[in-house]
2 protein chains.
Amino acid sequence: MAGSGARGPRRRATMADIAEQLGISKAAVSYALNDQPGVAADTRDRVLALARELGWHASSSARALSGAQTSVVGLVLSRPTDLLTVETFFIRFLAGLEQVLSERGFSLLLRVIGDHPEDEISTYERWWGERRIDGVILMDERVHDPRVSALAELGLPGVLCGGPMPGAELPCVWTDQAGDAAVAVQHLAALGHRRIGHVCGPPVFAHERARRRGVRRAGRARGVEVTTVEAPYTGPEAGKVTRRMLASESRPTALIFGSDTMAIAGLSAATELGLRVPEDLSAVSWDDSILTTLIQPAVTALSRDTPGYGGLAAAVLIDLIEGRNRGLVRAPLSTLQVRGSTARPS
Amino acid sequence: MAGSGARGPRRRATMADIAEQLGISKAAVSYALNDQPGVAADTRDRVLALARELGWHASSSARALSGAQTSVVGLVLSRPTDLLTVETFFIRFLAGLEQVLSERGFSLLLRVIGDHPEDEISTYERWWGERRIDGVILMDERVHDPRVSALAELGLPGVLCGGPMPGAELPCVWTDQAGDAAVAVQHLAALGHRRIGHVCGPPVFAHERARRRGVRRAGRARGVEVTTVEAPYTGPEAGKVTRRMLASESRPTALIFGSDTMAIAGLSAATELGLRVPEDLSAVSWDDSILTTLIQPAVTALSRDTPGYGGLAAAVLIDLIEGRNRGLVRAPLSTLQVRGSTARPS
DNA sequence: TAGGTTGACTTAACGGATTAAGTTCTATTC
DNA sequence: GAATAGAACTTAATCCGTTAAGTCAACCTA
């Protein structure tokens with residue numbers, strides 16, 4: 001499996017080597033290797049055989065230099081590193097993304113920038129300027145997101161995970177946050193909850209705003225009182241906010257958490273306050289992962305095929321790179337995984 | 001911040017553009033941009049100013065083609081995707097790795113291959129053949145790891161996270177598993193535990209074997225009886241194995257888990273069996289993350305500055321690429337974070 | 001049999017940066 | 001005033017694959 005033959009490890013073969021060894025021209029070798037007309041069948045076979053024997057691969061630099069695309073897609077993760085730590089969302093997204101990329105012959109260039117979101121745009125500028133990438137995926141849409149116009153100015157193809165962007169030329173993979181909100185609120189309302197708390201992530205993120213609006217609207221539609229609090233995605237902060245919310249006079253009987261990590265931290269805080277889950281407090285997590293099933297009780301969660309979401313983003317980007325702008329694409333729907341953390345209020 | 005000026009978004013500037021606009025040769029521009037002698041100071045300044053104005057970046061392809069390195073490092077993650085999901089280790093490792101890479105002007109090319117570990121070597125072959133990368137980082141050392149000889153055969157620089165590799169030419173970032181084992185066992189022994197269970201990850205991984213040996217040896221040295229069981233890294237499997245171990249006649253009073261995820265699943269299983277933690281069962285996790293502090297009680301864990309580990313691997317690799325083989329490098333030591341999950345047996 | 005077509009190639013230019021090897025011109029030195 | 005050194009450039013080759021344009025022989029047709 002691990003490379004055959006005892007060829008020297010030093011110099012990597014080039015097309016010129018193949019051409020010389022077979023006594024033909026570089027061009028003929030190129031035609032043969034790219035399955036283009038202009039070479040006889042047996043010549044083609046001899047070229048292919050020798051190329052295989054020499055372990056030849058086309059230099060991506062030379063290819064890119066003569067006009068071809070690089071077949072590389074860029075991704076910048078720009079949350080503080082201690083959040084990446086917990087947000088298993090990213091790695092699931094990444095896994096799905098990568099699968100589609102590799103299926104379609106693309107590679108992923110990754111940058112993790114901790115606490116300097118302004119580096120994101122300059123990273124794009126550099127990568128694009130250096131002809132390292134063919135396109136990028138924008139995660140974590142912000143409210144007035146400067147990245148959209150930056151891409152337009154650079155002429156750099158990209159997909160936005162978020163949107164919709166009315167009148168923008170870049171395709172969006174859009175998630176129906178309001179629909180998800182309705183499902184979660186409906187579940188709790190049907191169990192008999194009348195006061196729901198929403199522990200929401202930072203409102204700089206467009207999806208958090210959409211979720212907040214969605215939860216409020218869904219609550220209004222079902223006669224449920226909704227209280228929203230915002231917290232950074234970190235566990236300790238989510239715990240603190242939850243504690244405060246549960247200490248209030250008219251405390252909610254159910255909480256919706258913005259992520260699996262927040263849910264776990266929040267439930268931990270609730271337990272410390274002596275509340276039993278689900279008897280005294282129901283909880284829903286807005287993101288599912290194996291985490292939610294690891295703790296006791298397992299957490300009811302909106303589950304969204306995150307790898308599929310990443311894969312879809314990759315597919316939309318590759319289509320764009322290849323000239324097909326798919327516009328607004330809807331991400332796979334979430335489904336509610338009902339588990340032990342939700343029950344009727346006592 | 002987001003790109004200034006109203007320059008056209010289409011064509012990206014080249015050195016030839018700069019040369020033409022200033023009426024000098026490409027070579028002079030190159031010398032100016034690379035801070036090499038051969039140009040007057042004011043010419044250099046004008047070149048630099050124009051380059052900045054045009055948003056010029058050196059084409060990485062052209063650079064690489066004329067012999068320079070690509071300044072890209074490759075990493076293949078080859079665990080089943082559902083494991084990546086939980087293993088927050090990877091993303092912390094990645095974050096640290098990336099920080100050092102970007103500080104030193106390198107980028108990361110990432111591939112996630114789910115369940116086909118044999119693709120890893122062929123990915124290296126392709127990346128190296130295509131001149132996309134300067135080196136790779138090998139994670140998850142296996143027992144007779146075919147990747148080591150594959151790299152040697154290709155002449156592809158790489159660091160091994162693991163080792164030591166006696167007589168091998170590739171540098172290793174080595175973790176003292178036996179030392180860590182001794183710390184964990186010592187902690188439990190000092191609390192009075194005499195029967196310890198070790199829920200170990202799959203023994204195809206070299207580090208799991210080293211840990212198993214380390215725990216056994218440390219137990220023997222302190223008169224502690226050690227039982228080892230192996231499980232895949234998945235939560236459900238770890239739970240199952242834990243349950244079986246705790247059901248036995250002479251059940252251990254303390255468990256050491258191979259990862260944070262396994263620890264959480266295991267503790268969940270113990271709670272289901274009616275065991276209280278830490279009164280009836282103490283638990284130590286061999287990997288720390290925010291996860292271990294999110295649950296109740298928080299889990300005592302061997303904590304190892306995973307981002308620092310990733311960063312070290314990156315530094316050793318870049319040094320190798322630049323011609324300095326650092327040989328066997330010791331990874332930062334783990335420290336035991338004592339939390340609520342360990343106490344003296346009742 | 002001249003003229004045209006096709007197949008199987010070869011030649012040469014190109015892309016963008018690097019760099020060895022010139023070429024000018026100015027300044028210094030004896 | 002001639003020789004020499006050095007600064008400030010330019011020229012041209014190189015890296016490797018792609019591709020438009022050209023060559024040459026064989027085969028086909030009216």
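The values are calculated or read from the model by the stated rules, or taken from the named source; none is laboratory data. Keep in mind that this is a model prediction, so the values were computed, not measured. Note that we place each Cβ from the backbone using ideal geometry, even for glycine, and neighbour counts take in every protein chain shown. With ligands, DNA and RNA removed, areas are computed over all heavy atoms of the protein, side chains included. Shrake-Rupley method; radii C 1.70, N 1.55, O 1.52, S 1.80 Å.
Computed from Cα atoms, the angle from the helix B:260-272 axis to the main principal axis of chain B rounds to 30 degrees. The GNM of chain A, with springs linking C-alpha atoms under 10 angstrom apart, assigns the highest mean-square fluctuation among A:Leu33, A:Leu255, A:Leu160 to A:Leu33.
Counting Cβ atoms of other protein chains within 10 Å of each Cβ in A:129-140 and taking the mean gives 3. Sorted shortest first, the separations between the A:Ala298 label point and its copies elsewhere in the assembly read 2.8 nm; each point sits 7 Å from Cα along the Cα-to-Cβ line.
The mean sequence separation of alpha-carbon pairs under 8 Å and at least six residues apart, normalised by the residue count of the range B:177-303, gives a relative contact order of 24 percent. Averaged over peptide B:151-164, the number of partner chain Cβ atoms lying within 10 Å of each residue's Cβ comes to 2. When A and B come together, around 6000 square angstrom of accessible surface is lost from both chains combined, probe 1.4 Å. FRET efficiency for the A:Arg251 to B:Glu237 pair, using the beta carbon distance and R₀ = 35 Å, is estimated at 0.35. Label-point spacing at A:Arg213 relative to the other copies reads 6.1 nm, in ascending order, each point sitting 7 Å out from Cα along Cα→Cβ. Packing, taken as the mean count of other beta carbons within 10 Å per residue, orders the peptides A:53-60, B:191-198 from highest to lowest as B:191-198, A:53-60. Taking each DSSP H run with n ≥ 4 as -39500 (n - 2.57) and averaging over every residue of chain A yields -13500 deg cm²/dmol at 222 nm.
With label points set 7 Å from Cα along Cα→Cβ, the inter-copy distances at A:Val143 are 5.7 nm, sorted shortest first. The mean count of C-beta atoms from other chains within 10 Å of the C-beta of residues in B:264-270, rounded to a whole number, is 3.
In straight-distance terms, cross-link reach from B:Lys26 covers every one of the aspartates and glutamates whose alpha-carbon lies under 18 Å from its own, apart from those fewer than eight places away in the same chain; here that gives A:Glu130, B:Asp17, B:Asp35, B:Asp42, B:Asp45, B:Glu53. Overall shape: rounded for the range A:177-303, with the ratio a/c of the largest to smallest alpha carbon gyration tensor axis below 1.5. Once both labels are positioned 7 Å from their Cα atoms along Cα-to-Cβ, the gap between B:Glu225 and B:Gln337 label points is 3.3 nm. A simple spin-label model places the labels of A:Ala190 and A:Asp176 1.6 nm from each other, with each point 7 Å out along Cα-to-Cβ.
Anisotropy class assigned to the protein assembly as shown is oblate, per the alpha carbon gyration tensor with a/c at or over the 1.5 cut-off and a/b no larger than b/c. What aspartates and glutamates could a cross-link reach from B:Lys240, if we take a straight Cα to Cα line under 15 Å and drop same-chain neighbours fewer than 8 places away? The reachable aspartates and glutamates, counting only those whose Cα sits under 15 Å from B:Lys240, are B:Glu230, B:Glu272. Helix A:306-321 axis versus longest C-alpha principal axis of chain A: approximately 40°, rounded to the nearest ten. When the solvent-accessible area of the protein assembly as shown is split by element, carbon and sulfur atoms take up 51 percent of it, the probe being 1.4 Å.
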